[in-house]
Amino acid sequence: MKHNYDVVVIGAGPAGLASAIEAKKAGAEKVLVIERDREPGGILLQCIHNGFGLHTFKEDLPGPAYAQRFIDEARALGIDFMLDTMVMEITPERLLWLSSARKGYFSIDAKAIVLAMGCRERTRPQIRIPGMRPAGVFTAGTAQRWVNVQGFMPGKRFVILGSGDIGMIMARRLTLEGARVESVLEVQSYLSGLMRNYVQCLEDWNVPLHLRHTVKRVIGKNRVEAVEAVAVDEKWQFVPGTERIIPCDTLLLSVGLIPENELSKKAGILLSAVTGGPVVDQNFQTNFPGIFAAGNVVHVYDLVDYVSEAGNQAGHGAALFANGTLAKPQKSIKVNAGKNVRYVVPQFLDPQALKDEAIVLQCRVTQPIEEDVWFEVRSESQSIVRRSDRYARPGEMVSVKLTPSMFDDVLKAGELFLDIYAKSEA
Amino acid sequence: MEEKNFICTACPMGCKLIVRLDGNEVVQVLGHRCRRGENYGAQEATTPKRMLATTVRARGGLHPLLPVYTSAEVPKAKMQEILAILRDVDITCPVKMGDVILKDIADTGVDILASRDL
Ligand SMILES: Cc1cc2nc3c(=O)[nH]c(=O)nc-3n(C[C@H](O)[C@H](O)[C@H](O)COP(=O)(O)OP(=O)(O)OC[C@H]3O[C@@H](n4cnc5c(N)ncnc54)[C@H](O)[C@@H]3O)c2cc1C
Ligand code: SF4
């Protein structure tokens, strides 16, 4: 069969752009990026605030500028873009079915594919808020796109449910645009986003944050008129008598992101029940040889710099696969989430690929540990490496590096566990 | 003597800082775990500064708004003034990333830059 492309990347966000660039640099001749939007850049185009690129460029850039640097590099390298084109289906044989207004329904085939479809936001049905169904309930990301790209303000008085970064960043943005943000409600007893965003987005602009609070009911017939907020206990049960009516015309939901994997699911790619993304090895290869995945499609990252890094690795693997130099995985070493760990990515290591490149295991802790901690990788019975930090928080992804000098131990172990625990418990 | 409380944002650790002031003079910073935190506390207590990112109206581009940002941090006290100036800006595309949209905004010595091509 004649292949149209060596590497086809689905999604032109930071993960997809980095994958395409690295695939090209690693020797893939024909590289294509497919994007359903009219322009490349992904979610970053609506993230106009600063804070991007501190690791990658040692500069404090707004989202669109971070994306633009990669777009410019991809274009300079001669990578093809197919915009306004949606990938409808992929097969394990790496055939892609596409749909676009101009070309209709058509297919192309690839020697290797990188999935980089990003994530989507959890919506109201997924968190089940009772009450009427008036207009004026949106996800924070939808509002972000309206306000920052399309120039449309969805309301005047807001309540934000969830203290995720997007919600807090929107609280500041709406305030700057002259709206009032009455309150940010968070069901957990801790902030789910970064402390920096709490200070610069809420404190700076006098937006009150109520931890252990949620929305009990949305009030209003045609348009939201108010929400009923309520305190909750440790088990997230309403505390009677703490109800309070907050008048507002808009409720924004910032209650989490889920990897976007409709395509992967339909193709039969193995997904993790915890991350919602494909199960991958250290090359970010899925259970289907030649199909790789990178960025928020694998698990939700909190820093875009790490998304670009993951894109690099996946793109590199894809180029090697396309050129026939990446051997098919024979068996694998399972990486388990151990004590206090919600998940680890990659979930598997390919022993053949344990050579001279260090491997980074990324993980999230289950609940905050606000004291000195160890991050430890071990076999069933023996420690392989551990490093310390001053805390572990669910909002911040943690990585532990495995260097080539440890690979002997890793191979001997046959199966790995990653633990996080307070030093005082050691 | 006056005391002010801050959460340090110079790194994700988020130490709780106490800054003791005599008028506008920093006498002591407490609660930091490193030098950067000490500097952050002193600056925050006297002239807090922030990066600002917002949008201005744009004509003839793919979108009706152009995202812009400050080339350096600006005093928090000048935010409203800067926003008011930017509300009246109306630019014509094409624009290149990094183009200076306004020089020395509100006498801060800081420029307003385009965040992307449009
Ligand atoms: C609303 C929102 C706001 C965020 N804000 C921040 C922030 O402020 N800071 C931060 O660090 N991170 C933020 N994130 C996380 C952010 O997604 C990552 O930092 C980063 O942009 C992820 O990159 P990605 O390439 O994996 O995904 P994305 O940037 O989401 O890119 C995925 C791309 O794939 C395309 N796509 C999806 N499916 C298909 C298909 N079937 N066919 C063709 N194209 C397809 C999409 O259109 C999109 O362009 C935010 C996420 C969301 C959802
Ligand atoms: S004081 Fe130092 S360690 Fe603490 S938050 Fe500030 S920069 Fe980080």
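The numbers here are math on the coordinates, done by the rules we state, and not lab data. Since we're looking at a predicted model, the values are computed, not measured. Here the Cβ is made from the backbone with ideal geometry for all residues, glycine too, and neighbour counts use every protein chain on show.
Numbers for the structure displayed
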| item | result |
| --- | --- |
| Neighbour cut-off at most 16 other Cβ (10 Å), DSSP loop, GluC sites (Glu not before Pro), segment A:238-298 | A:Glu243 |
| Cα-based helix-to-principal-axis angle, A:63-76 vs chain A, degrees rounded to 10 | 20 |
| Sites matching trypsin sites (Lys or Arg not before Pro) across segment A:148-231 that sit in DSSP coil, with at most 16 neighbouring C-beta atoms within 10 Å | A:Lys156, A:Lys221 |
| When each of A:Lys25/A:Lys328; A:Lys235/A:Lys334; A:Lys216/A:Lys265; A:Lys265/A:Lys355; A:Lys111/A:Lys331 is checked by Cα-Cα distance, pairs over 29 Å | A:Lys235/A:Lys334; A:Lys216/A:Lys265; A:Lys265/A:Lys355 |
| Three semi-axes of the equivalent ellipsoid, segment A:8-127, Cα gyration tensor, whole Å, largest first | 25, 20, 13 |
| Alpha-carbon gyration tensor eigenvalues x 5, square-rooted, for segment A:272-391, Å | 26, 17, 13 |
| 10 °C / 1.306 mPa s Stokes-Einstein diffusion coefficient of segment A:85-222, Kirkwood radius on C-alpha pairs, µm²/s | 90 |
| Rounded to 10°, Cα long-axis angle of helix A:165-176 versus longest principal axis of chain A | 50 |
| Excluding exposed DSSP-loop trypsin sites (Lys or Arg not before Pro) (at most 15 other C-beta within 10 Å), longest clean stretch of chain B | B:34-95 |
| Volume of the Cα convex hull of the protein assembly as shown, divided per residue and given in Å³ | 172 |
| Cα convex hull of segment B:2-46, projected area averaged across orientations, nm² | 2.5 |
| Spin-label zone in segment A:67-85 - amide nitrogen under 14 Å from a point set 7 Å from the Cα of A:Glu29 along the C-beta vector | none |
| Loop chymotrypsin sites (Phe, Trp or Tyr not before Pro), segment A:163-248 (other Cβ atoms within 10 Å of the site Cβ: 15 or fewer; DSSP) | A:Tyr190, A:Trp236 |
| Acute angle (nearest 10 degrees) that the helix A:304-322 long axis makes with the longest principal axis of chain A, alpha-carbon atoms | 30 |
